[in-house]
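Data block below; observations after.
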Amino acid sequence: MNNKRFRMTSEVLFKGGTSKIPNHQKSELRKAGKELFRLMSKLAKDNPKINFLIILEGNNARWQDPRTGRWNYQDIPNVGYKISYKRALALYNFWKVNGYDFKSLKNCEILISGSGYFGKSRDEVNESQNKRFTIQITGKIGDFK
């Protein structure tokens, strides 16, 4: 499945089990935040009647215990959701501290989420690449009547 996501030129990969943004990738994240904020500011200004939703989605890698053969999602299912959420929150806070507060845009909402071990934006070929986050931007439709 091919998902349309905001993709940076280099992937930000967290160390296993942590939500701390790696120091060597902070410069790249600042640039990405600046570019995304610029894009969303323009979209919000040019389309005042459209509400936008930015979804920061954290991911967590699956791994198999070599001793038992069991997968981490079987034995510690909630850990994947907690870590992936904390990764998305870390990115949100990092951007906010660096001056990119997406909540300041009048018609832009930001959603911080963690998809745990099974999100749709995963790299199914190289599981170790799933210690990251993805960003989705979508327009919000009006009221259902």
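Figures for the structure shown
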| quantity | calculated |
| --- | --- |
| DSSP-assigned coil residues among chymotrypsin sites (Phe, Trp or Tyr not before Pro) in the range 1-102, each with at most 16 further Cβ atoms within 10 Å | TRP63 |
| Set of lysines with alpha-carbon distance to LYS120 below 27 Å, sequence-local pairs under 8 removed | LYS4, LYS15, LYS20, LYS26, LYS31, LYS34, LYS82, LYS86, LYS96, LYS103, LYS131, LYS140 |
| Linear extension gain, ASN23 paired with ARG67, 0.36 nm per residue minus alpha-carbon span | 12.5 nm |
| Value at 222 nm in deg cm²/dmol, rounded to 500, when DSSP H runs of n ≥ 4 in the chain each add -39,500 (n - 2.57) | -10500 deg cm²/dmol |
| Computed P(r) (all Cα pairs; the range 77-136; 10 Å bins; percent) | 21, 47, 25, 7 |
| Cα gyration tensor, the chain - rounded (a/c under 1.5), prolate or oblate | prolate |
| For ARG132, ARG67, order by how many other beta-carbon atoms lie within 10 Å, fewest first | ARG67, ARG132 |
| Lys/Arg +1, Asp/Glu -1 at C-beta; the range 50-132 dipole; positive extreme among LEU89, ASN60, GLN74 | LEU89 |
| Lys, Arg +1 and Asp, Glu -1 on Cβ, resulting dipole of the range 50-132 about Cα centre, debye, nearest 20 | 160 debye |
| Residue with peak Gaussian network fluctuation, the chain [Cα springs, cutoff 10 Å], from PRO66, PRO48, PRO77 | PRO66 |
| Length released on extending from LYS82 to GLN129, taking residue separation times 0.36 nm less the Cα-Cα span | 15.1 nm |
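No value in this document is a laboratory result; all are computed from the given coordinates. What you are looking at is a predicted structure, and each value in this text was computed from that prediction instead of being measured. Neighbour counts are summed over all protein chains in view; Cβ atoms, including those assigned to glycine, are modelled from backbone coordinates with ideal geometry.
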